[in-house]
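Scroll down for the structure; my scribbles are underneath it.
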Amino acid sequence: MATTVKVSTETRDRIKAFGRATLEDTIIEALDALEEREFWAQAERAAAWRATLSDDEQAQRRAREAEIDAAFDSIE
């Protein structure tokens, strides 16, 4: 299913300048790159947050994660 998206002529020209086979190919590639960047930014924020946890809080998280892993391991 296709749809129409209105963009300025300037934006259309910027998309065309990337030279992919179609405008859609360019947009998909740009969205993939944005999703990847956002994923890693979120992962870095989570790692920074985890680093602020006390040793006890980190131990509690590891214990809960081990319980979840064990539960999934028991599923056949």
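Every number in this text was worked out from the coordinates using simple rules, so none of it is lab data. Here the structure is a predicted model, which means the values were calculated and not measured. So basically every Cβ, Gly included, is an ideal-geometry build from the backbone, and we count neighbours across all protein chains shown.
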Neighbour net charge for E44 - beta-carbon separation under 12 angstrom, K R +1, D E -1: +2
message: I need the peptides 48-55, 22-29 ranked by packing, meaning the mean over residues of other C-beta atoms within 10 angstrom, with the highest value on top.
response: 22-29, 48-55
- line: When the charge dipole of the chain is computed with +1 at the Cβ of Lys and Arg and -1 at the Cβ of Asp and Glu, the Cα pointing farthest to the positive end, of A43, F72, I15, is that of I15
message: For Cα Rg over 2.2 N^0.38 Å, one of [x] 1.90; [y] 1.61; [z] 1.09 was computed from the structure I shared and the rest are decoys. Which label?
response: [x]
query: Dipole of the chain, Cα-centred, from +1 at each Lys and Arg C-beta and -1 at each Asp and Glu C-beta, to the nearest 20 debye?
result: 560 debye
